[in-house]
Amino acid sequence: MNEMINVALPKGRLGDKAYEILERSGYPCPAMKEDNRKLTFENPEIGVRYFLVKPSDVAVYVERGAADIGIAGKDILLEYRPDVYELLDLKMGRCRMCVAGPKDFRDDPAQTLRVATKFPNIARAYYSGLSREIELIHLNGSIELAPLVGLSDVIVDIVETGKTLYENGLAPLAEIVDISARLIANKASFKFKGDALRALCRQMERTMNL
Ligand code: PRP
């Protein structure tokens, strides 16, 4: 019997690109091209079902088994450490996790460093590795604003083109880690639907190398 594979795709540009690879890898779902606001799409003939979820939630769906596999940014995997398998680096959605701040910023070791970020665990781990005491300020977006208005000294955030930093008079000060999108799998699914999931992973890898 053909088992259904449930795939959590991040809504937006990354999800569109990932779906394109899946489509070219033999997992098309014509319903995905319809212009509507549905969140689930199914192709029963080949046994695949796609869910559209907020990018930062993909790992939650996969970890809890609501989806067998998904596409998640390495930033989310590092921050939340979900208990999932990481199957493949999709080499898309590339960016860098950086410390950024005013161009002329000089860290004064005598002062506690105020760090604003959407990624408190990544920031904490980074500064703890440097034995640098910090005060974390957890924000949900527009992180670049924090040093501009005196809320923080620096930020830990994603830099893709660098445009947001540049246009706000900020600059990258240190790189923490390279980020890209990863194919992740639920651990139980990988046991029970292992053949199907391994085949999907192999096909995606082949498509990416074409
Ligand atoms: C991300 C990130 C930076 C920006 C980096 O923000 O937090 O602000 O993109 O991209 P760039 O280097 O190409 O300018 P996002 O668009 O997700 O918005 P938000 O964090 O402010 O919600």
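The values are calculated or read from the model by the stated rules, or taken from the named source; none is laboratory data. Note that this is a predicted model, so its numbers are computed, not measured. Cβ: placed from backbone, ideal geometry, glycine included. Neighbour counts: every protein chain shown. Remember, those area values only see protein heavy atoms, side chains included, never the ligands or the DNA or RNA. Shrake-Rupley method; radii C 1.70, N 1.55, O 1.52, S 1.80 Å.
Positive contributions from Lys and Arg (+1) and negative ones from Asp and Glu (-1), summed over other residues with Cβ under 10 Å from the Cβ of LEU113, come out at -3.
Projecting the Cα atoms of ASN43, MET97, LEU78 onto the charge dipole of the chain, computed from C-beta unit charges around the Cα centre, puts ASN43 farthest toward the positive end.
Listed by chain and number, the aspartates and glutamates whose C-alpha is less than 12 Å from the C-alpha of LYS163, apart from same-chain residues fewer than 8 away, are GLU144. Placing unit charges on the Cβ atoms only, positive for Lys and Arg and negative for Asp and Glu, gives the stretch 95-178 a dipole magnitude near 100 debye about its Cα centre.
Think of the chain as a dipole: +1 on every Lys or Arg Cβ, -1 on every Asp or Glu Cβ, centred on the Cα centre; then among PHE119, LEU183, LEU22, LEU22 lies furthest on the positive end. Over the stretch 95-178, the reciprocal of the mean inverse Cα-Cα separation, the Kirkwood hydrodynamic radius, stands at 12.6 Å. Summed over the residues of the chain and divided among them, the accessible surface reaches 56 Å² per residue at a probe radius of 1.4 Å.
Report, to the nearest whole %, how much of the accessible area of the chain belongs to carbon and sulfur atoms, 1.4 Å probe, protein only.
Details: 5610 of 11710 Å².
C and S atoms contribute 48 percent here.
Taken over the chain, the percentage of Cα pairs per 10 Å bin, counting from 0 up to the bin with the maximum distance, is 8, 31, 28, 19, 11, 2, 0.
Straight-line reach from LYS54: taking Cα to Cα under 23 Å and skipping same-chain neighbours fewer than 8 places apart, the lysines in range are LYS11, LYS17, LYS33, LYS38, LYS74, LYS91, LYS118, LYS187.
Each DSSP beta bridge with both residues in the stretch 95-178 is either parallel or antiparallel, and the antiparallel ones are about 60%.
Note on SER131: accessible area is roughly 110 Å² with a 1.4 Å probe, heavy atoms of protein only.
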